[in-house]
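Below: the structure, in structure tokens.
The values are calculated or read from the model by the stated rules, or taken from the named source; none is laboratory data. Just so we're clear, the structure is a prediction, and the values are computed from it rather than from any experiment. Virtual Cβ from ideal backbone geometry, glycine too; neighbours counted across all protein chains shown.
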Amino acid sequence: MEIELKNPDIRKLKDMEDVLLDKNVAKSNPEKEIYYMYRGVDEKDGLRYDITVIPPFMMGEEYVKTLGHFHGEDANEMYILLEGEALWIFQKGKDAVENFYAVKGKKGDCVIVPRGYAHVTINTSDKTLKMANWANKSSGFDYETVKNKHGLCYYYTTKGWVKNNNYKNIPEIRYEEPLKEVPQNLDFLK
């Protein structure tokens with residue numbers, strides 16, 4: 001089934017300024033469109049299906065990424081990589097970070113965002129990244145905490161990982177493997 005995507009929410013470079021390693025990058029071309037979010041493409045059993053499209057782009061030394069957000073302790077989310085490659089990063093802790101890990105994914109892989117974690121998707125390739133997500137329709141987004149801390153506790157750059165010293169505790173990075181198939185039953189997202 002082919003889905004027609006219409007009327008995306010567009011994230012521009014100026015929207016990313018607070019979470020960039022180099023804030024001046026956003027000032028260079030503030031209206032540059034960075035990525036596209038198609039919200040509510042489908043709904044099923046209280047879950048919302050969205051699609052996000054992230055073309056390749058460099059933000060200074062950083063690879064293009066999503067703004068990032070937290071969900072509450074009562075919400076889960078699952079991402080499915082439809083095209084391209086992704087580096088997903090996950091963080092537990094809004095000031096003192098308890099846990100930080102990264103997952104590298106390719107087409108068909110998926111990840112589940114644990115309850116209470118912030119997450120960011122990074123396109124590290126020269127191809128467009130297209131991903132879908134299932135989330136509880138009633139789950140909210142906390143972008144402000146991430147903005148106030150100027151991103152998650154690490155930035156991913158052409159030179160590797162760079163710590164964001166706006167956090168009290170920054171643990172070592174660990175890597176996890178993605179799921180290789182979408183779970184049949186999505187009730188855990190409710």
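It is to be established whether one or more residues within region 98-111 are out of contact with any strand residue (DSSP E or B) (no Cβ under 9 Å at 6 or more places or on another chain) and more than 14 Å from Y79 (Cα to Cα).
No, region 98-111 has no match at all.
What is the residue count in region 149-182 for residues that are outside any loop (DSSP other than H, G, I, E, B) and in contact (Cβ under 8 Å) with a residue 24 or more places away in the chain?
10
If you scan region 30-45, which residues turn out to be surrounded by 13 or more Cβ atoms within 10 Å (Cβ to Cβ), modelled with pLDDT under 95 and not β-branched (V, I, T)?
Residues satisfying the conditions are R39, D42.
Considering only region 52-67, state which residues are part of a strand (DSSP E or B) and more than 12 Å from the chain's Cα centre (by Cα).
M58, M59, E62, Y63
Test of understanding: among G72, G40, G84, G46, which residue is under 15 Å from S139 (Cα atoms) and within 16 Å of the chain's Cα centre (by Cα)?
Matching residue, one of G72, G40, G84, G46: G72.
Quick check on my filter: what residues within region 14-24 are touching a strand residue (DSSP E or B) at 6+ places or on another chain (Cβ under 9 Å) and either exposed (fewer than 13 other Cβ atoms within 10 Å of the Cβ) or over 15 Å from T66 (Cα atoms) (or both)?
Correct list: D22 only.
Specify which of the listed residues (K127, K137, K149) is more than 15 Å from the chain's Cα centre (by Cα), surrounded by fewer than 16 Cβ atoms within 10 Å (Cβ to Cβ) and at pLDDT 95 or above.
The unique qualifying residue is K127.
Taking the conditions exactly as written (modelled with pLDDT of 95 or more and surrounded by fewer than 20 Cβ atoms within 10 Å (Cβ to Cβ)), does K104 satisfy them or not?
The answer is yes for K104.
Residue-by-condition table, conditions (1) farther than 24 Å from K190 by Cβ; (2) in contact with a Gly (Cβ under 6 Å, 6 or more places away or on another chain); (3) in a helix (DSSP H, G or I); (4) in contact (Cβ under 8 Å) with a residue 12 or more places away in the chain:
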position: K14; (1), (2), (3), (4): yes, no, yes, yes
position: A26; (1), (2), (3), (4): yes, no, yes, yes
position: Y38; (1), (2), (3), (4): no, no, no, yes
position: V41; (1), (2), (3), (4): no, no, no, yes
position: D74; (1), (2), (3), (4): no, no, no, yes
position: Y79; (1), (2), (3), (4): no, no, no, yes
position: W88; (1), (2), (3), (4): no, no, no, yes
position: F100; (1), (2), (3), (4): yes, no, no, yes
position: K104; (1), (2), (3), (4): yes, no, no, yes
